[in-house]
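Report on the following structure.
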Amino acid sequence: MNDVALRVSGLGKQYRLGAPQQRYATLRETLSRSAAAAARAVASPFRRSSKDDGERHFWALCGLSFTVGAGEIVGVIGGNGAGKSTLLKILSRITWPTTGRAEVRGRVGSLLEVGTGFHQELTGRENILLNGAILGMRRVEIARKFDAIVAFAEVERFIDTPVKHYSSGMYLRLAFAVAAHLEPDILLVDEVLAVGDAAFQKKCLGKMEDVARAGRTVLFVSHNMTAVQSLCGRAIWLSGGRLSDDGAPGRVVASYLQSAAVNLTEQVWDTGGEGGSGHDKVRLRRARVRPSGDGSFPITTRTPFQLEFEYLNLQPGAHLNLSVHLYNEQGIMVFNAVPVTERTWQGRPMPRGVFRDTCFIPGDLLNDGVHRVELLVVQDDTNVILRKDEALVFEVHDTPDHRGAWFGDWAGAVRPLFPWTTELLEPSDPAEPTEP
């Protein structure tokens, strides 16, 4: 492994739940509370607390251990409350661990919140100088980077204005510029892509890549799985304050997404009795989403998959077909699919029995997000005899493929990958080559 930049060993951080806010007390209040506590202890020395220690305390991190080599870009992922921000605060020396050790070898620059370390009353110029001094830099070092910081943040006109008057976008741009340009050995970034426009996101990612190429270390906390897979060479997954997985970003992200899924990718119904899904003409038996290939989840925007529906036809000679309505999370119908290309039973009378219909969905069609399937069973082309809302619910996840430097939302109900060509029609300089 490269030289170690970060070493976390058995790290734990405990918080007390429901602790009252501290305030200054008078001497009389202090003496009264002390006397009351002593009296309670004498009156009932063996009285048990109304809440045990587990109910009064919460471990944000518990027994966390890992190392990060110098020059690595490591993504830290996990759900809300997993301990990601607590970890960065300990590494930044904002808070101290309850147990274990966190060794940080080198100067740390951190962007944990918008404007971390900024003084509201100071100007942008003064805050740059202050942050540089906090990082242990000499004034000449800060001056050498000053123009690049201001240009990156695009706040030239407002550099001598107190930052309390900045917009949130200006605040974030300057905060990131300071953290990234003052040459820290280790850069800690928490959800920098959650705010800012597309151009700013691109600049941030490019700067983090520059920092890593210079041999410095980046610890990048984000809920943007596409950015983690594209930017990072390694991913760490935290769950409940513990290390769940550590390794290649694609594998770790896939495991995390699969575990976090709350999808309804399969339903099975009893086709007998009154509790089944259907009535005296047709009954649903099963519905499921099945990814193509090895059948493993998650489904990404590039994954082909099938929608399978099994049903019991109770009418000999019935003419049935299914109609699949697919909605995205905004409630927009993405498509309505019917089996017009099916040649075995389409338009023919169907005997009594169990049938399975499979609708094949190609990759590079759906956009990312949660999708809901409404299933209709139609008799004689027009008569809907069964309607099942939310027969299936599944999520399509983003993928870094074909994204370039853009990591924001991709607009639209679908996300097809169309063939595309670019031609040079009129070169401005005939001497220049016309082919790449």
Residue span Phe355 to Asn383: 0.36 nm per residue of separation minus Cα-Cα distance leaves a gain in nm of 8.2 nm
Between Gln306 and Glu156, the two model label points (7 Å from Cα along the beta-carbon direction) sit apart by a distance in nm of 6.1 nm
Along the Cα-to-C-beta direction of Glu266, a point sits 7 Å from the Cα; which residues of region 357-379 have their amide N less than 15 Å from that point?
-> none
For region 276-411, just say rounded, prolate or oblate: build the C-alpha gyration tensor, square-root its eigenvalues into a ≥ b ≥ c, call rounded for a/c under 1.5, and beyond that prolate if a/b exceeds b/c, oblate if not.
-> prolate
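Starting with the fewest neighbours, write out Tyr327, Tyr256 ranked by other beta-carbon atoms found within 10 Å of each beta-carbon.
Listed from fewest to most nearby Cβ atoms, that is Tyr327, Tyr256.
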Would you list which lysines come within 26 Å of Lys388, measuring only between C-alpha atoms, while excluding same-chain residues fewer than 8 positions from it?
-> Lys281
Förster radius 41 Å - calculated FRET efficiency between His402 and Ser9, Cβ distance, rounded to 0.05 | 0.50
Any lysines with Cα under 21 Å of the Lys84 Cα? List them, leaving off those in the same chain fewer than 8 positions away.
-> Lys13
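Quick one: which of Lys89/Lys164; Lys89/Lys202; Lys145/Lys203; Lys89/Lys203; Lys145/Lys207 span more than 21 angstrom between C-alpha atoms?
The pairs that break the limit, which is 21 Å between Cα atoms, are Lys89/Lys164; Lys89/Lys202; Lys89/Lys203.
Every number in this text was worked out from the coordinates using simple rules, so none of it is lab data. Keep in mind the model is a prediction, meaning the values are calculated, not measured. In this analysis, Cβ positions are derived from the backbone assuming ideal geometry, glycine residues included, and neighbour counts consider all displayed protein chains.
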